[in-house]
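Reviewing the structure listed below.
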Amino acid sequence: MTTHLTRISADGHLHVYPQFRLDQAFDSLMANLDCNARDFWLSDPQDTVRLAFLTEGSDCRFFEQLRDGTVNSAAAGLEIVAPREALSLTLIHRGSRKLCLIAGRQIVTRERLEVLGLAMRESIPDGLSVRETISRIVASGGIPVLPWAPGKWLFGRGRLVRELVAAGQSGTLVLGDSSLRPSGWPEPASMRLARARGLMILPGSDPLPLPGEERQMGAYGFVYEGPFDPEHPADSVRALLAGDPTRSIPAGRRNNLLQVISRLHRLRKMKKDV
């Protein structure tokens with residue numbers, strides 16, 4: 001595997017929902033990733049690798065639809081380059097800029113915690129315990145991520161997350177940060193513990209299944225400079241997530257409290273109206 005030091009601008013927690021306009025979704029994603037790279041390196045992001053970790057629930061199959069041509073990618077300004085591996089797609093946006101899309105799953109556990117499985121396509125059923133879910137992700141060759149979500153890391157579930165972090169090892173468990181964690185809020189205890197234990201914190205936009213949320217894509221993520229093989233992106237991201245966590249630096253911006261409340265209110269209203 002060929003590797004060299006590469007600048008990467010990435011979104012660590014991406015959803016693409018049927019409610020999204022695909023052209024606007026990928027226009028926003030590319031523009032936001034480039035903005036994050038430009039703000040950090042103060043240079044043209046032309047040579048930066050754009051990377052997005054797709055996380056799909058049991059009812060979403062966007063990655064498969066892109067691969068098999070079910071999605072009209074051309075209407076979104078995308079050209080799909082034949083992949084060398086099953087877990088990634090290289091997309092050319094508007095005829096010039098490239099994006100590497102990594103397959104992944106999102107599972108809801110029995111405790112109503114979310115767990116992400118990055119660099120994997122296998123379906124794992126919802127409703128298993130969080131420990132069983134993590135074990136199955138690892139057995140499938142994926143990277144398990146415990147993402148922060150509003151209210152999910154409090155009380156009994158918060159204690160469970162801290163127990164998992166305390167028992168986790170670098171390269172076997174990652175924590176996720178989200179644009180929905182209000183800016184200015186103190187870092188959760190589990191994140192502080194993860195940093196102390198050398199675990200990776202993976203920031204991502206985590207857009208909601210609402211029209212207009214596609215503009216959030218890439219607005220919060222991370223930048224990284226290190227080894228990366230564009231011919232084998234999935235293997236490269238596994239090494240990235242198992243490597244030095246200080247190389248991954250948050251980029252972009254989380255929402256402020258009013259923005260978070262507005263987004264969650266719209267989501268609750270949508271669910272109530274369905």
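Each reported figure results from applying straightforward, stated rules to the coordinates on display, with no laboratory input. Predicted model only: the values in this text are computed from it and were never measured. Note: ideal-geometry Cβ built from the backbone for every residue, glycine included; neighbour counts use all protein chains shown.
Gain on full extension, evaluated as 0.36 nm per residue between HIS265 and HIS4 minus their Cα-Cα distance, stands at 89.5 nm. Evaluated on the range 4-273, the Kirkwood hydrodynamic radius is 18.5 Å, with distances taken between all distinct Cα atoms.
Considering every alpha-carbon pair of the range 2-57, the percent of pairs per 5 Å bin, from zero through the bin containing the longest distance, is 4, 18, 24, 23, 15, 10, 5, 1. Put simply, the amide H of GLY176, placed in the peptide plane, has neighbours under 5 Å in LEU146, TRP148, LEU202, leaving out anything fewer than 5 places away on its chain. Among 187-198, 216-227, sorting by the average number of other beta carbon atoms lying within 10 angstrom of each residue, highest first, gives 216-227, 187-198. Within the range 172-243, all pairs of alpha-carbon atoms sorted by distance into 5 Å bins from zero give the percentages 3, 14, 19, 21, 19, 15, 8, 1. P(r) tail for the range 7-137: Cα pairs beyond 27 Å make up 24% of the total.
Take each peptide in 204-215, 123-134, count the other Cβ atoms within 10 Å of every residue, and average; sorted highest first, the result is 204-215, 123-134. Size estimate for the range 120-215 follows the Kirkwood approach: the inverse of mean 1/r over distinct Cα pairs works out to 14.4 Å.
In sequence order, the range 45-56 has phi-based couplings of x, 4, 8, 7, 7, 9, 9, 9, 9, 7, 10, 10 Hz under the Karplus curve 6.51 cos²θ - 1.76 cosθ + 1.60, θ = phi - 60°, and Gly or Pro positions carry x.
Evaluating 6.51 cos²θ - 1.76 cosθ + 1.60 at θ = phi - 60° for every residue in the range 171-176, the Karplus couplings come out as x, 10, 8, 10, 9, x Hz, glycine and proline recorded as x. Rounded to the nearest 20 debye, the dipole size of the chain about its Cα centre is 1020 debye, using +1 on the Cβ of Lys and Arg and -1 on the Cβ of Asp and Glu. The DSSP beta bridges internal to the chain are antiparallel in roughly 65% of cases. Roughly how many whole Å is it from the C-alpha centroid of the range 3-74 to that of the range 99-155? A separation of 20 Å, based on Cα centres. Summing +1 for each Lys or Arg and -1 for each Asp or Glu, what net charge is found among the other residues whose Cβ lies under 14 Å from the Cβ of GLY243? Around GLY243, the charge tally is -2. Please sort through the DSSP H helices of the chain and keep those with an alpha-carbon extent of at least 27 Å along the long axis and a Kyte-Doolittle average not below -0.5. Qualifying helices, which must be both long enough and hydrophobic enough, are 22-41. Packing order of peptides 103-111, 177-185, 263-271, highest average first: 103-111, 177-185, 263-271 (average count of other Cβ atoms within 10 Å over each peptide's residues). Amide H to amide H distances under 5 Å link LYS98 with HIS93, where only residues 5 or more positions off or on other chains count and H is placed in the peptide plane. Working from the Cα coordinates of the range 38-81, the gyration tensor eigenvalues give, after taking √(5λ), semi-axes of 28, 15, 8 Å in decreasing order. 3J(HN,Hα) along the range 143-149, derived from phi through the Karplus expression 6.51 cos²θ - 1.76 cosθ + 1.60 where θ = phi - 60°, amounts to 10, x, 10, 9, x, 5, 8 Hz, with x in place of Gly and Pro. Less than 5 angstrom separates the built amide H of LEU128 from those of ARG110, all sequence-distant by 5 or more or on a different chain.
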